[in-house]
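Contents: one structure, followed by commentary.
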Amino acid sequence: MKSRTPFYALVAGLFIAGVVLIAIQRYGYDVPLLPGEHREIWEVEAQVHFEATGDPVLVSLAVPDQPAGYRRLSEHTVSPGYGASVVEPATGRRVEWSIRRAAGPQTLYYKARLLHGDTESTLPVPAAPAAPGMLVRDEAFRASAEQLLGEAYARSASPFSLARELARRLTQPPLGDHAHLLLSQAGHAEVLVDLLARAGVHATVVRGIYLRDGRRQQKLEAFVQVYDGDRAQFFNPRTGREGRPADLLLWEVHGAPVLDVVGGANSTLLFSMIKQYQPALEVSHTLQKADALLNFSIHSLPVEERAMFQNLLLIPVGALMVVLLRVFVGIRTAGTFMPVLIALAFMQTSLLAGVPLFILLISVGLWLRSYVSRLNLLLVSRVSAVIIAVVGLIGLFSVVSFHLGLNAGLKLMFFPMVIISWTIERMSILWEEEGPREVIVQTGGSLLTAVIAFLVMNNAIVKHVAFNFIGLQLVILSVVVAAGSYTGYRLLELRRFAGMREQLDVH
């Protein structure tokens, strides 16, 4: 007996490949599963102001790459007369502006569009703790630091609990003399990191801004990221609150200077921001354009070709419906592909206009075919004559309906003429061999299948998923291949056992 393992492997391979492609597009490129979804987009602008001294100027600004909770869609700089480039040293991405000579007030702009989502990024863990004693100014400062650290250390059991105790002593009133002395020398974040370094705890200062719609002239705020092995905890050193707020955009996470200006003085860095909502599909296309592999996808085609593929990619969905209805339900149709094409025609004509037009076209075509059969023509000539007659009928019906004010008749041109002609030829032969009953059964089955396929294919969610998730084609192919091996009873065949069931009920 021949093994079925290769068949099952083929079906499973197609299905898994399709699901993987769908998952990549959904989670890798944020393709929405439903049409009409929108995404929250933030446009953040950084403004660098300084006074140039007349010497060569080099300005270096730290910029985010993929900040936690956000994804960068695009970025650009506005710097008239300056050369600008993005560099990526070990301390993170930076924008560098340079000019041979500048004097007077200068303003440079960096703009980024960020997608707000649930993406996360792990902040870098320092290779070693920060060097203790960096903020020591005198013996009194050192003594206050050791005293405050000793009190917090005795009430802690881990790096996180130690950071929590230190933050509480530096923020909650009433502040002690030791806290006042330390904070008089440096900011909350720098003091907290220095105290943790004295205890051998990995910590670093990170800087971010709260995203508030329409805010202008905002400044970066300092926060502390504390590490305990592979784990990390976020602290607000001014409030002692743990955890990263959802609306906080981390701008610099490596502990490096945010802004460095050579050849200028009195530099300031201010931020403005605005929130917008953009269709999720447009955001996804932006992400896909940045990927070289997906530049060869359907989305890279011109709009006209993409509109054509939008209908073509629905054909497998219609084919799946034909397979399910014929293999499992047992509906008989005039051919396999004809109901799918008729369903596509219904998408252009609408169902209410398409069904009567289809019945009218087939009825008149069968009458004309009965006349042509009397001429005893060869098959090729007979089919060609039917095609010509169908074209003539479409033209005639369109002209008549136009003059009668019936716009539905103008949509007859969307019906596939060759398929209609072959259907008329097949039905006429079937009429002669099997009788009118079989013609009615197969024509009705084809029409019913086309209507069901149309209802599925015309669904907005199905159209969206079929066009935007190319992996769906592989999933449909795997289902069609699997259905091809079905050899059981069809639903409509079960009526043959109705008599047996009645007998069993009697007994």
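Rule-based calculations on the coordinates, nothing more; no lab input. Here the structure is a predicted model, which is why all the values come from computation and not from measurement. So basically every Cβ, Gly included, is an ideal-geometry build from the backbone, and we count neighbours across all protein chains shown.
Take peptides 72-80, 439-447 and line them up by average Cβ neighbours within 10 Å, highest first, as a rough protection proxy.
Values: 72-80: 14.9, 439-447: 18.7.
Ranked from most to least packed, the peptides come out as 439-447, 72-80.
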Inset, instruction - Could you please rank 82, 70, 277, placing first whichever residue has the fewest other Cβ atoms within 10 Å of its Cβ? - result: 277, 82, 70
Inset, instruction - Give a residue-ordered list of calculated ³J(HN,Hα) values for segment 82-98 (Karplus: 6.51 cos²θ - 1.76 cosθ + 1.60, θ = phi - 60°; whole Hz; x for Gly, Pro). - result: 9, x, 9, 8, 9, 10, 10, x, 5, 8, x, 5, 9, 9, 10, 9, 8
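For a Förster distance of 51 Å, can you work out the FRET efficiency between the beta-carbons of residue 433 and residue 350, rounded to the nearest 0.05? Present the calculation step by step, with values, prior to reporting the outcome.
Working: r = 35 Å, r/R0 = 0.68.
With a Förster radius of 51 Å, E is 0.90.
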Legend entry - HN-Hα J in Hz across segment 378-387 - Karplus 6.51, -1.76, 1.60, θ = phi - 60°, x for Gly and Pro: 5, 4, 5, 5, 5, 5, 4, 5, 5, 4
Legend entry - ³J(HN,Hα), Karplus 6.51/-1.76/1.60, whole Hz, each residue of segment 246-255, x for Gly, Pro: 5, 9, 9, 9, 6, 9, 9, 10, 9, x
Inset, instruction - Please list, in chain and number order, the residues 5+ apart from residue 206 or on another chain whose amide H is under 5 Å from its amide H, with Hs placed from the backbone. - result: 223, 224, 225
